[in-house]
Amino acid sequence: MTLWGGRFEESPAELLWRFTVDDSDRRLLADDIEGSLAHTAMLADVGILSADDAAAIASGLGTVLVEARSGEFAWSDGDEDVHSAVERRLGELIGSAAGKLHTGRSRNDQICLDLRLYLCRAADERSVQIGDLVRVLMGLAEEVGDTVVASYTHVQQAQAVPLAHHLLAYAWMLLRDRDRFQDAQVRIDVSPLGAGASAGSRLPLDPANSAARLGFSSVFANSMDAVGSRDFVAEYAFCCAQTMVTLSRLAEELVLWASDEFGWATFGDAFTTGSSAMPQKKNPDIAELARGKSATVIGDLTALMTLQKGLPLTYNRDLQEDKRAVFHADDTVSLALAALGGMMESAVFHPPEPSSMVTALDLAEILVNRGVPFREAHEVVGGVVAGLAGSGRALSEATAEELAAAHPQLSGSDLEALTPTASVAARVTAGGGSMESVAAQLGALRDALGD
Ligand code: ARG
C-alpha cells in the first residue's frame, strides 16, 4: 500500500518499486507503532482527535504491537515501507478511523523518530556489552596475577610489565568506547515528532507531549533540522567503527599471542577453528574476522558521511540508505563484542619470560639515581648491551666485572635489579606497569562500571 495515490493516474512501475522499496526499515516496526501510540494520545490531548477515534486507533495499534512483538505481523508485498504497513494493518482492524492516524505527521518526522528510538536503545545495549567485555579483561587481569611480559614498541620488546597491565590497557580503551555510545545517546535522545514534513503544522500539535510520552529527554528546536539531519546516525556509526577498531587491535594481539612464535596464550576449542588441510592447526578465526569486519563498519561510517554531504535541506530520499548502513554497523559490533568476549574468556595465558634486555632502561635509571646524567647513562648501558649481544647474552648474564668496567657507579650487586620481575617491582610511576598500578586500575574500573 502506498500513502500517496491521490494525484497519480498510473500505478507505480515494477522498477520504481524494486528500486525505491527497502525492507530494512522492518526492524523499526515496534518503534513505529510506539511512536504512533504517542502521536495518537497527543492528538487527543490537544483536541484534534475525538476521544472515541483516539480510543479506536490506540486499541487497534495495541493489537498491531502485539503482532509485531510476537513476530506474527503479516507484511504485504504491497507495503511501501514500515509506516504504510502499520497504517494498512490498522485499517484492516478498525476501518476508516485509521485514516486519522497520520494527522499532523509526515513520514519524514516519523522515520527519524523510529530511528532515534531504535538507536537510543541500541546505545544502551552496546554500552552494556562493552562493559561485559571490560569485565572479562578485568577477570583475566586478576587471573594472570603477577605474570610479567615485555611491553612492545615498534613490535620490539621494550620494558617489563605485568601482563595484567597490558590487558587493562584494552579495558580503558573499551571504557572510552562505551562512554562514547552514552555521549552520542544525548544527541540521539531528541524527539523530531511534530516537525511534520518540514515546517510543522497549522494544527495545534504539542511536540513536547508526544516526546514526554516516548521518554525523550528533549524536543527538536527547528523542524527543518529535525527532518533533514542525520548526524546522529553518523555519530552512532562512528561509535561502532571506533569500537570495531579497538576490537581489531585487540584481535590482532590475540592472533599474535596464539602464534607459536609468541606462545603467550591458548584459546578454547569452542572458540578456535581447524584447517581442512593441516591437521595440526588451531586458528584464531574469531579474532581475524573481528579485524576484518572492522573494515566493513568503517565502510558504513564512510557511507553515512558521504550520504549527508551535499544534501540540501530538508528530507531527501537519499536518507533511506542510512538504515542499511547503521544497522549493519550496529549488528556487526554487537556480534563482534560477544564473540571476542567468548574467545577472551576461554584464554589460558602462558607467556615465556621476556629477555632481561627489557631492563636496559632500568640500568640507565639506576645510574641516574646515582647522579649520572641520563644521556651519559644511556650511552654506558648501550655499550654494555652491545657487548653482551655480541656474545649472545642478555643483561642479567653480564658479569660483575663487565658492569664495574662499564661505569664506576656500577657493580655486580646491581645484577639482581636486571630481571623482568625486579624491573616491575621497582616501577613507581602512578598508572605505570606495576602491580600497585594494576590494583588501582582494577578499583577505578570497578567504580567506572558501577560494580
Ligand atoms: N522510507 C523513508 C526512509 O527510510 C521514509 C519515508 C520518507 N518520506 C517520503 N516522503 N518518501 O527514509
(message) Tell me whether the range 175-182 contains one or more residues that are under 27 Å from Ala430 (Cβ atoms), among the polar types (S, T, N, Q) and part of a helix (DSSP H, G or I).
(response) yes
(request) Could you tell me which of the residues Phe232, Phe238 is open to solvent by 60 Å² or more (accessible area, probe 1.4 Å), closer than 19 Å to Ser334 by Cβ, modelled with pLDDT of 95 or more and in a helix (DSSP H, G or I)? (result) Phe238
(message) I'm checking my understanding of the structure. Among residues of the range 82-105 that are within 12 Å of the ligand (Cβ to nearest atom) and open to solvent by less than 20 Å² (accessible area, probe 1.4 Å), which one is nearest to the chain's Cα centre (by Cα)?
(response) Val82
(message) Name the single residue that is nearest to the ligand (Cβ to nearest atom) among those in the range 274-305 being closer than 17 Å to Cys239 by Cα and either touching a Gly at 6+ places or on another chain (Cβ under 7 Å) or open to solvent by 70 Å² or more (accessible area, probe 1.4 Å) (or both).
(response) Met305
(message) Quick test for you: out of Phe262, Phe349, Phe267, Phe271, pick the one residue that is over 30 Å from Leu28 (Cβ atoms), open to solvent by 60 Å² or more (accessible area, probe 1.4 Å) and of a type in the set (A, V, I, L, M, F, W, C).
(response) Phe271
(request) Among the residues of the range 198-220, write down those that are open to solvent by less than 70 Å² (accessible area, probe 1.4 Å) and in a loop (DSSP other than H, G, I, E, B). (result) Ser198, Gly200, Ser201, Leu203, Leu205, Asp206, Leu214, Gly215, Phe216, Phe220
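Residues are listed down the side, and each one gets a yes or a no for (1) out of contact with any helix residue (DSSP H, G or I) (no Cβ under 6 Å at 6 or more places or on another chain); (2) hydrophobic (A, V, I, L, M, F, W, C):
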position	(1), (2)
Val148	no, yes
Gln159	no, no
Arg176	yes, no
Gln185	no, no
Ser191	no, no
(message) Kindly evaluate Leu415 against the criterion of being assigned to a helix (DSSP H, G or I) and over 22 Å from His165 (Cβ atoms).
(response) yes
(message) Suppose we keep only residues that are among the polar types (S, T, N, Q) and open to solvent by 20 Å² or more (accessible area, probe 1.4 Å) within the range 107-145. Which one would you say is farthest from the ligand (Cβ to nearest atom)?
(response) Gln129
(message) For a quick check of your reading of the model, give me the residue pairs whose first member lies in the range 262-282 and is on the phi < 0 side of the Ramachandran plot, whose second is aliphatic (A, V, I, L, M) and surrounded by fewer than 14 Cβ atoms within 10 Å (Cβ to Cβ), with beta-carbon atoms closer than 7 Å and at least 6 apart or on different chains.
(response) Ala265/Val348; Thr266/Val348
(message) List pairs: first residue in the range 296-321 and more than 22 Å from Arg26 (Cβ to Cβ), second residue aromatic (Phe, Trp, Tyr) and open to solvent by 40 Å² or more (accessible area, probe 1.4 Å) anywhere in the structure, Cβ distance under 6 angstrom, at least six positions apart or on different chains.
(response) Leu301/Phe238
(request) Quickly run through the range 40-60 and pick out the residues that are closer than 18 Å to Leu205 by Cβ and outside any loop (DSSP other than H, G, I, E, B). (result) Thr40, Ala41, Met42, Leu43, Ala44, Asp45, Ala51, Asp53, Ala54, Ile57, Ala58
(request) Of the conditions (1) modelled with pLDDT under 95; (2) open to solvent by less than 60 Å² (accessible area, probe 1.4 Å); (3) not basic (Lys, Arg), Val255 clears all except one; give me its number. (result) (1)
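Take Ala226 and decide whether it is open to solvent by less than 70 Å² (accessible area, probe 1.4 Å) and closer than 30 Å to Thr40 by Cα.
yes
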(request) Give just the number: which of (1) closer than 30 Å to Asp109 by Cα; (2) surrounded by 14 or more Cβ atoms within 10 Å (Cβ to Cβ) does Ala377 not satisfy? (result) (1)
(request) Could you please give the count of residues in the range 308-333 that are buried (at least 17 other Cβ atoms within 10 Å of the Cβ) and within 11 Å of the ligand (Cβ to nearest atom)? (result) 6
(message) Being more than 16 Å from the ligand (Cβ to nearest atom) and within 23 Å of Ser201 (Cα to Cα) is the filter here; which residues of the range 1-39 pass it?
(response) Glu34, Leu37, Ala38
(message) I'd like to verify a number: residues in the range 384-398 that are of a type in the set (Ser, Thr, Tyr) and within 17 Å of Leu367 (Cα to Cα), how many?
(response) 1
(request) Scan Phe19, Phe73, Phe8 and give me the residue that is open to solvent by 40 Å² or more (accessible area, probe 1.4 Å), of a type in the set (Phe, Trp, Tyr) and not in a helix (DSSP H, G or I). (result) Phe8
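The values are calculated or read from the model by the stated rules, or taken from the named source; none is laboratory data. Quick caveat: nothing in here was measured; it's all calculated off a predicted structure. Quick reminder, even Gly has a Cβ in these numbers, built from the backbone with ideal geometry, and neighbours come from all protein chains shown. Remember, those area values only see protein heavy atoms, side chains included, never the ligands or the DNA or RNA. Shrake-Rupley method; radii C 1.70, N 1.55, O 1.52, S 1.80 Å.
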